[in-house]
Amino acid sequence: MIGEFLRSLECGGSIPFERFMEAALYHPDFGYYTKRVRGIGRAGDFSTWPELHSSLARAIAAWLRASPSRHVIEAGAGTGELAAGVLKHLGFFQRLRTTLHIVEISPVLRAAQEKLLKGKRVRWHRDMNAALAAADGCANIYSNELPDAFPCRVFVRADGQWKELGLKIDGNSAREVLCDCELPDSSSLQGDPPDGSRVEVHESYRRWLGSWAGSWKRGRMLTIDYGSVMPGLYHRRPAGTLRAYAHHQRLIGADVYASFGHRDITADVNFTDLENWGNGLGWKKINRSSLTGFIRSQCPRAALDSQIAEAGEAFQVLDMGSGCSGAL
Ligand SMILES: C[S@@+](CC[C@H](N)C(=O)[O-])C[C@H]1O[C@@H](n2cnc3c(N)ncnc32)[C@H](O)[C@@H]1O
């Protein structure tokens, strides 16, 4: 049945990888995030920073206290652990003045959030436009490990040109094919890397930003994720960063395409693209640092052991602003 469904996605003889990933993660009946996610952390397939350490929640709360706003939006809140921590560390008076809006695509994770955050000043919305309408367009926004969960396009260098990765479904397995394509606006595609090099572009995240940018009048947005800026992102990673996770195991190559809908699929985020795309929407960069740098700047007395501090260097935090700054 899945094989038949996947074959129905083929156009011109193959499925663009981005469409495959979108269906694998978000198809209403068999998507990983829509149906199968078993939680995040020890009981799930992968762990995120907020499930392991409270330092990020403290740092986001400090960042929110420094530019207070009555409305705060978290996009893609997972189990709700980060939201609970941010509210806890916001402080009594600011917590009273703040409504937290959560935008969550996964019904399974939304149910977990509702359970964890019961009785708190939290509202859920189906998308960013609805959340921003409830905030009169003025809100501070944050997300952790959201862009990496968006379907990405994969490009492979062949005969000195970029080709797009597609998949041809044979029975129950997927075979890679390379297709001619129009290239998106991405710093990942600059330069002349050797044949066989691979890069990923989160173009669907760019479309998502564009779908609500017009509703955001004023505020700041913090985007936290694993990844880097160009050209460092693919330094020593010529095969790209695409991978899947199941039971905390990292899977690469053909294993990414197997067990459709039962694995998280992800790729590192290109923060040069995020900044350029934000600028294109009229937003301004306020700061960018590693996660360790961000936590230390917001909470100078935070106790980060050397392992956590080193892990935080693999994450970036981008702070961008829309409209004029000041209290919201
Ligand atoms: C990798 S998980 C990170 C969860 C959480 N932020 C954390 O740090 O534990 C990605 C989250 O983004 C959500 N998500 C993915 N695409 C989304 C979208 N378009 N709108 C809202 N939420 C989305 C997923 O359902 C999930 O909650």
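The values are calculated or read from the model by the stated rules, or taken from the named source; none is laboratory data. Note that this is a predicted model, so its numbers are computed, not measured. Every residue, glycine among them, receives a Cβ derived from its backbone with ideal geometry; neighbour counts consider all protein chains shown. The area values use the complete protein model at the heavy-atom level, side chains included, leaving out ligands, DNA and RNA. Shrake-Rupley method; radii C 1.70, N 1.55, O 1.52, S 1.80 Å.
Some points to look at:
- Cα long-axis angle, helix 17-26 against the chain (0 to 90 degrees, to the nearest 10): 50 degrees
- Each other residue within a Cβ distance under 12 Å of ILE224 adds +1 if Lys or Arg and -1 if Asp or Glu, for a net charge of -4.
- Cα-Cα over 32 Å, subset of LYS35/LYS88; LYS35/LYS217; LYS115/LYS285; LYS88/LYS284: LYS35/LYS217; LYS115/LYS285
- Proximal charge balance of ASN287 [Cβ under 12 Å; K/R count +1, D/E count -1]: +2
- Cα-centred dipole magnitude for the chain, charges only on beta-carbon of K, R (+1) and D, E (-1), debye, nearest 20: 1680 debye
- Euclidean distance between Cα centres, the range 1-42 to the range 128-173, Å: 13 Å
- Cα centroid of the range 251-328 to Cα centroid of the range 190-229, whole Å: 11 Å
- Compared with the dominant Cα axis of the chain, that is its longest principal axis, helix 203-212 is turned about 40°.
- Carbon/sulfur fraction of accessible area - the range 1-120, other protein chains in place, 1.4 Å, %: 55 percent
- Of all DSSP-defined beta bridges confined to the chain, some 65% are antiparallel rather than parallel.
- Given charges at beta-carbon only (K, R positive; D, E negative), |dipole| of the range 64-177 in Debye: 600 debye
- Per residue, the accessible area of the chain comes to 46 Å² when a 1.4 Å probe rolls over the protein heavy atoms.
- Heavy-atom accessible surface of the range 215-328: percent carbon and sulfur, 1.4 Å: 50 percent
- Expressed as a whole percent, the accessible surface of the range 152-204 that belongs to carbon and sulfur atoms is 42, based on a 1.4 Å probe.
- Tilt relative to the chain, helix 107-116 - C-alpha long axis, 0 to 90 degrees, to 10: 20 degrees
- Contact order relative to length of the chain, as percent, for alpha carbon pairs under 8 angstrom and 6 or more apart: 20 percent
- 222 nm mean residue ellipticity, helices alone, for the chain (DSSP H n ≥ 4; -39,500 (n - 2.57); rounded to 500): -8500 deg cm²/dmol
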